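Please treat every number below as a calculation from the coordinates, not as lab data. What you are looking at is a predicted structure, and each value in this text was computed from that prediction instead of being measured. When we count neighbours, we look across all protein chains shown, and the Cβ atoms used for this are built from the backbone with ideal geometry, even at glycine.
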Amino acid sequence: MDDLSKSSMKFFSDQQLCFADILLPHEVQARIQVAVLNFLKILSSPDPAISDLPLINRKSSNSRVSEGILTDVSWIFLSHSFCSRSLMKANATKAFIRVWKVMEMCFEILIQEKRVTQRELFYKLLCDSPHYFSSQLQVNRTIQDVVALLRCSRYSLGIMASSKGLVAGRILLQEPNQEAVDCSACGSSGYAISGDLNLLESLIMKTDARYIVVVEKHAIFQRLAEDHVFNQIPSILLTAKGYPDIATRFLLHRMSRAFPDLPILALVDWYGSATRTKDLFFQNPAGLAILSTYKFGSIGMGLEAYRYACNVKWLGLRGDDLQLIPQQSLAPLKPRDLQIARSLISSTILQDNYRQELEVMMQSGQRAEIEALYFNGYDYLVKYLAKKIVQANYI
């Protein structure tokens, strides 16, 4: 599979940026066939052996954040460091077999010209290979292994995103051969984002908005859409109802390409999380984790991060908003929160002004949720957004 090493590019003078290719079905099938043939070649050689599977390493030690010279967009990327899945290591045997099982399933999906969600794939594998697949997490991680082995996007493998995202506001979206949808007329329920990335890529988009506002919480999105905030602040609202899924991130990235002059502003809770994982910074859907995933991508999907990253700015909540919130609405940080915050402050991924926000959070010992602004009235959220945007109070 030496030819797959071409799926990388030099990054500055000493690093290689590895990425997942967007391939046609027959090209993915060819890469799977090459993997099988290489495996059989070594197995049937005069000195037979069961070869390990070389995967791009998805650990934080192999990740960096790009800082483009000609663009404001930064994203997590993985360098040219490998790990492996081996049949000969007791603790990796099942992971080794899972990779082959998922590749086999993807090959069949592509032959049938179908697309499946990760959830659908899990149930198929659970029925076919219950000894190897007992949880959705195992399937998700194995899909990442296959992406890291073949270096093609999961969508190229025939795996479709399950979307929970919504759009509202001043944008017209038109699918091929369909009537245009005015998202300002979709009510508080918004326009449901499709999980079909090809469809999202083909959308015709028109807007007279001046801002894109990414909202962490579904309830806040509904409130803003119901209050028609986009008529007072010419804007597009977007939410993934918590931690962002691939389809929502992809559509936001498309908007950023189609409307490069529109600032993308994030409205999220002001607090950290109790758990850190290798996927990015957090496991729980905390405000900074959500913003950072939109902005940089994740380590687990580092080979595809360039397809989803956007130059998202942090609008709120931030430390200077605490004066707007009554003391009784604030919750104390737990010891684990403080431990994670200290670890993040020392991280090279976070930018300086985000690190300063964490320091303010640690000093205050408290955290706040967007809903706490309702202390000032249910209509205050619109006024809050307008003031922050007019003052360009975002980082």
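Some observations on this one:
- Rounded Å value of the spacing that divides the Cα centres of the range 199-239 and the range 369-395: 16 Å
- Mean separation of Cα contacts under 8 Å, 6 or more apart, over the residue count of the range 320-376: relative contact order %: 57 percent
- Over 16 Å [Cα-Cα, the range 312-390], rounded percent: 55 percent
- Protection proxy ranking of 387-394, 239-246 - average other beta-carbon atoms within 10 Å, highest first: 239-246, 387-394
- Relative packing of peptides 140-151, 208-219 - highest average C-beta neighbours within 10 Å first: 140-151, 208-219
- Packing-based order for 185-196, 155-166, using average beta carbon neighbours within 10 Å, highest first: 155-166, 185-196
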